[in-house]
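See below for the structure under consideration.
The values are calculated or read from the model by the stated rules, or taken from the named source; none is laboratory data. None of the values given here were measured: they were computed from a predicted structure. Glycine gets a Cβ as well: all are built from the backbone with ideal geometry, and neighbour counts include every protein chain shown.
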Amino acid sequence: MPGKRFLSAIRERFFLLSNRKFWKSLGILLAFIGPGIITSNVDNDAGGITTYSLAGAEYGLSLLWLLIPITGALIIIQEMGARMGVVSGKGLSDLIRERFGARVTFYLMIVLLLTNLGNTIAEFAGIAASMEIFGFSKYFSVTIGAAFVWWLVVKGNYKSVEKIFLTACLFYLSYIISGFMGKPDWEEVRRATLNPSLRFDAGYLTMAVGLVGTTIAPWMQFYLQSSVVDKGLKVEDYPYARLDVVIGSVMVNVVAFFIVMLCAVTLFQGGIRIETARDAALALEPMAGKYCSGLFAFGLLNASLFAASILPLSTAYTICEAFGWESSLNRKFLEAPQFYGLYSIIIIIGAGIILLPNVPLIPIMYYSQVINGLLLPFILLIMLLLVNDEKIMGKYTNGRVMNLISWATVAVLIMLSLATVAAALL
Amino acid sequence: MMLYAQHLEENHMAVNSEDQVFLFLSQILGKRILDSEGRSLGRILDLMVRLGEPYPSVTGILLKSRPRKAVLFFPWQNPVETNGCFVVGSRGLDDVRELAPEREEILLKESLLDKQIVDTNGAKVRRVNDLQFLKAHGKLYLVHVDVGFRGLMRRVGLERATDFMLKGLFEYELPDQFISWRFVQPVSSPDLLRLKIAESRLSQLHPADIADIIEELDIRQRTAVFQSLDVETAAETLEETDPKIQISLIENMEDSQASDIIEEMSLNEAADLLSDLPKDKAEGILKEMEQDIAEDVKELLAHPEETAGGLMTTAYLSFPPSTTALEALQVIRREAEDLDFVYYLYVTDEEEHLLGMLSLRELLVAAPETSLSDLMFRRVVMVDLDEDKDQIASDFAKYGMLAIPVVDDQKKMKGVIMFKNLLEVVAPRLGR
């Protein structure tokens, strides 16, 4: 019989967990966290995972170092968005409409709608691809997926949806686990990460640009800022929001890191060519085992489903906000026709196109990346103008150093996205 | 004021057939201004109006002068429109003065166009796509706010293209969506809102509608709108608002100001709100509140929110059994104002043990001299302090009462749960 001492030792060990104060302070921290982590993780969507797999499979470990500057850029851009949300209490599309007028907003929203539609199609393609690995036909998986997305938003409320999303963020761990299952040579990984190597061949550069482009997407800026506003964070809470953004940006790149690494140490070293994330998952099976392949596919499913839930909603909110249409899930369909209309159309078209037989998935994903790249420079410039507008930001505009860093980052990103577009069109 | 408004409306009926009697702001902005000799003075940047009248009139023009590359301002002198330009009288630029908006004067493009407004007629938050003026008596009056798709397309420059397409394809004519200026409450800046407090159109709305509106605004506007309400409306609005927003509204206020509003709320709503606030803030507010209300609230705060104790209110009617119907009526008449619930009367002994109850209706039809112990119904349905909300909800469903009394373990009466307070628990399950 275990003695009293044993029991008290256990109690002591778990004292922290049974201490209410601990839970309370953790709770406060968690209450502010969410928008940044969710936004960043949605960013590792079907398109992202495909790009990471390709980067690893085709160029081995040589692109790993790039994830470090990408993390920096992501933090800088998202920090500005979160700060604008906290200080102005308005979404990005609100601010754009009020500062730049109806015409600019109108055309920007049309391009954003097209871009996000393209992205949504890619997400449903990801759902179809990952479920095919588990042996389900796309007609089954995409239909169920679309229904799930619909149900989540129409029946869920903000709190429960956020909880589901935060849980989905945890599933990204599957990539980290599968990364370990690939049994990499850590010394080599460390060397490749810390010693940047730049190669000047067209394919390598295009892939590098693709990595950047898939991590920093236009719609994220809208989504992040709206969810910061939705959370009702105040200026005093801003440090938490910043922490949230930093954690999210690091987390997303850690996941990306493991995907690139896994594909590098297995597929690249085995000399296997792949074209999609699905190929990657299938090719992993003989090399790293059934479980590794399954986890990889599960990660893809989670990521696609997650992004497919957020993209249509975020798009509908953004557009309705800009044009002053009712946009609340608490309204009935007829009270907010534009909101539900946009939301439904994006899901129906997004899922519908994937259900067509013989649909060319790779070009679709490719061109959605191109429009992303076209739109991003405008969004980034607009964000810089807004964040430096004293009427909106008061004393929270960028400081001189921050401006220098952010303009430089944006300049590099703009050149990269123009390069992506050029590369895709040529 | 009403007369004036009516006069204006008749007027625009009468002159409807004339050309260009109605003008849109989008048709004025950017137009060239010429002096009487046809020389260009510059382009129109913005218009100034004076609020406070039912239909504000344009009082000045902000001009971007080309030769001098400067922003000029001069009073509106009813320029004549010809060939897409405006021609001002002979005085031309003589009247140019510094841009110094007086009280009640605002620049339309800067503070209204593209901003959010509250449509107090439809109780909705809309965005201003365009503004419509009426030209009458040599003046320009702001009469309508355009919130429709047609207005948006006009701004984008695609009004004709859209018309052509919709007509050609669907035989559909895109309607105008105007809101009369009389039903508009600008909210874009706290200043603009403060200007209008005197005749705040918001306070005429139902508090539940104001709450919906507040939930759609951004943080600053929320605070501005909320603080423009009188204490009573503010309290009722607060009761209808989402808890998360309640907290942010209260946190942005001074303790004394907040306590005035919370005192007006029903006790259990007040307790719920205070329990959600950070501890320091809640204590600060409790200190500022009237002693007796603060004590009642504190008592409620001791119970978890989801149980009977947390849902109940302590502001109910209770009487000793010997009270006569007449006496009871007099008490009710005197105190009903401060009570949360008056439709049931509870009869208790000196130690607050619940003996029975009767409804207000039974009291009204009873002979004045009858004592309550003869009128009361003795088999009262009651719940314990720690009863769970789901059980209470099913009790309400089973017994069809308006309220259920709450007792402690010695059967002493502690409070009353109103059906209204359970709506938040029950409503989500009713399905939308």
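Is it the case, given these coordinates, that A:Met415 is crowded, with 18+ Cβ neighbours inside 10 Å and part of a helix (DSSP H, G or I)? Give the steps one after another, and end with the answer.
Details: crowded, with 18+ Cβ neighbours inside 10 Å: no; part of a helix (DSSP H, G or I): yes.
So A:Met415 does not fit the description; no.
Since B:Phe341 meets every condition but one in (1) modelled with pLDDT under 90; (2) farther than 20 Å from B:Met312 by Cβ, which condition does it not meet?
(2)
Can you tell me how many residues in the stretch A:97-155 are within 14 Å of chain B (Cβ to nearest Cβ) and at positive phi? Even if it seems obvious, please write down each step before you answer.
From the stretch A:97-155, those within 14 Å of chain B (Cβ to nearest Cβ) are A:97-111, A:151, A:153-155; that's our starting set.
Checking the rest, the ones that are also at positive phi come to A:101.
Going through the stretch A:97-155 one residue at a time, the tally reaches 1.
Which helices (runs of 4 or more DSSP H) does the stretch A:143-214 wholly contain that include 1 or more residues that are over 17 Å from A:Leu61 (Cα atoms)? Walk me through it before giving the result.
Working: elements: A:158-170, A:173-181, A:186-194.
Here the list reads A:158-170, A:173-181.
Against the definition (small (Gly, Ala, Ser) and at pLDDT below 80), how does A:Gly156 come out, yes or no?
Numbers: small (Gly, Ala, Ser): yes; at pLDDT below 80: yes.
Criteria met by A:Gly156.
Out of all the residues in the stretch B:338-348, is one or more surrounded by 15 or more Cβ atoms within 10 Å (Cβ to Cβ), farther than 14 Å from B:Ile417 by Cα and of a type in the set (Ser, Thr, Tyr)?
Yes: one or more hits.
For the stretch A:320-340, indicate whether the set of residues that are within 12 Å of chain B (Cβ to nearest Cβ), touching a Lys or Arg at 6+ places or on another chain (Cβ under 6 Å) and either more than 30 Å from A:Asp279 (Cα to Cα) or assigned to a helix (DSSP H, G or I) (or both) is non-empty. Walk me through it before giving the result.
Going through the stretch A:320-340, the residues within 12 Å of chain B (Cβ to nearest Cβ) turn out to be A:320-333, A:335-338.
Cutting the leftovers down to touching a Lys or Arg at 6+ places or on another chain (Cβ under 6 Å) gives us A:322, A:324.
Now drop any that are not either more than 30 Å from A:Asp279 (Cα to Cα) or assigned to a helix (DSSP H, G or I) (or both), which leaves A:322, A:324.
The answer is yes; a qualifying residue exists.
Provide a single number: the residues in the stretch B:156-188 that are of a type outside the set (A, V, I, L, M, F, W, C), under 15 Å from B:Leu113 (Cα atoms) and part of a strand (DSSP E or B). I'd like the intermediate steps shown before the answer.
Looking only at the stretch B:156-188, we keep the residues that are of a type outside the set (A, V, I, L, M, F, W, C), and these are B:157, B:159-160, B:162-163, B:167-168, B:171-173, B:175-177, B:180, B:182, B:185-186, B:188.
With under 15 Å from B:Leu113 (Cα atoms) added as a condition, the list becomes B:185-186, B:188.
Then drop every residue that is not part of a strand (DSSP E or B), which leaves B:185-186.
Looking only at that region, the number is 2.
Between A:Leu356, A:Leu284, A:Leu305, which is more than 28 Å from A:Asp230 (Cβ to Cβ), crowded, with 23+ Cβ neighbours inside 10 Å and away from chain B (no Cβ under 14 Å)? Before you say what the answer is, go through the steps one by one.
Working: A:Leu356 fails: crowded, with 23+ Cβ neighbours inside 10 Å; A:Leu305 fails: more than 28 Å from A:Asp230 (Cβ to Cβ).
Unique residue meeting the criteria: A:Leu284.
With respect to B:Glu254, determine if the residue is closer than 25 Å to A:Val235 by Cβ, free of Cβ contacts under 8 Å to residues at least 24 places away in the same chain and surrounded by fewer than 19 Cβ atoms within 10 Å (Cβ to Cβ).
Working: closer than 25 Å to A:Val235 by Cβ: yes; free of Cβ contacts under 8 Å to residues at least 24 places away in the same chain: yes; surrounded by fewer than 19 Cβ atoms within 10 Å (Cβ to Cβ): yes.
Criteria met by B:Glu254.
If you go through the stretch B:208-215 one residue at a time, do you hit one that is more than 27 Å from B:Asp338 (Cα to Cα), within 14 Å of chain A (Cβ to nearest Cβ) and part of a helix (DSSP H, G or I)? Don't jump to the end; show me each part of the working.
Within the stretch B:208-215, the subset more than 27 Å from B:Asp338 (Cα to Cα) is B:213, B:215.
Filter once more, so that each one left must be within 14 Å of chain A (Cβ to nearest Cβ): B:213, B:215.
Then keep just the ones that are part of a helix (DSSP H, G or I); that gives B:213, B:215.
Among the residues of the stretch B:208-215, at least one is more than 27 Å from B:Asp338 (Cα to Cα), within 14 Å of chain A (Cβ to nearest Cβ) and part of a helix (DSSP H, G or I), which makes the answer yes.
Only one of A:Gly126, A:Gly85, A:Gly135, A:Gly118 is of a type in the set (Gly, Ala, Ser) and without any contact (Cβ under 8 Å) to a residue 40 or more places away in the chain; which?
Values: A:Gly126 fails: without any contact (Cβ under 8 Å) to a residue 40 or more places away in the chain; A:Gly85 fails: without any contact (Cβ under 8 Å) to a residue 40 or more places away in the chain; A:Gly118 fails: without any contact (Cβ under 8 Å) to a residue 40 or more places away in the chain.
Exactly one residue qualifies, and that residue is A:Gly135.
In the stretch B:126-164, what residues are within 12 Å of chain A (Cβ to nearest Cβ), among the hydrophobic types (A, V, I, L, M, F, W, C) and under 13 Å from B:Leu112 (Cβ atoms)?
B:Val128, B:Val145, B:Val147
Going by the structure shown, is B:Ser359 among the polar types (S, T, N, Q), over 32 Å from the mean Cα position of the chain (by Cα) and farther than 22 Å from B:Leu267 by Cβ? Steps first, answer last, please.
Details: among the polar types (S, T, N, Q): yes; over 32 Å from the mean Cα position of the chain (by Cα): yes; farther than 22 Å from B:Leu267 by Cβ: no.
When the stated conditions are applied, B:Ser359 does not pass them.
Which of the residues that make up the stretch A:83-94 are aliphatic (A, V, I, L, M) and either within 10 Å of chain B (Cβ to nearest Cβ) or farther than 15 Å from A:Leu380 by Cβ (or both)? Walk me through it before giving the result.
From the stretch A:83-94, those aliphatic (A, V, I, L, M) are A:84, A:86-87, A:92; that's our starting set.
Correct list: A:Val86, A:Val87.
Select from the stretch B:186-215 the residues that are closer than 26 Å to A:Val86 by Cβ, in contact with an Asp or Glu (Cβ under 9 Å, 6 or more places away or on another chain) and modelled with pLDDT under 80 and list them in ascending order.
Matches in the stretch B:186-215: B:Ser188 only.
Identify, from the list A:Glu58, A:Glu98, the residue that is in a helix (DSSP H, G or I), modelled with pLDDT of 90 or more and among the acidic types (Asp, Glu). Outline the logic, then answer.
Working: A:Glu58 fails: modelled with pLDDT of 90 or more.
Step by step, each of A:Glu58, A:Glu98 is checked, and only A:Glu98 is in a helix (DSSP H, G or I), modelled with pLDDT of 90 or more and among the acidic types (Asp, Glu).
Answer with yes or no whether A:Met84 is more than 30 Å from A:Glu188 (Cβ to Cβ), at pLDDT 90 or above, out of contact with any Lys or Arg (no Cβ under 9 Å at 6 or more places or on another chain) and part of a helix (DSSP H, G or I). Explain how you work it out, then say what you get.
Numbers: more than 30 Å from A:Glu188 (Cβ to Cβ): yes; at pLDDT 90 or above: yes; out of contact with any Lys or Arg (no Cβ under 9 Å at 6 or more places or on another chain): no; part of a helix (DSSP H, G or I): yes.
The answer is no for A:Met84.
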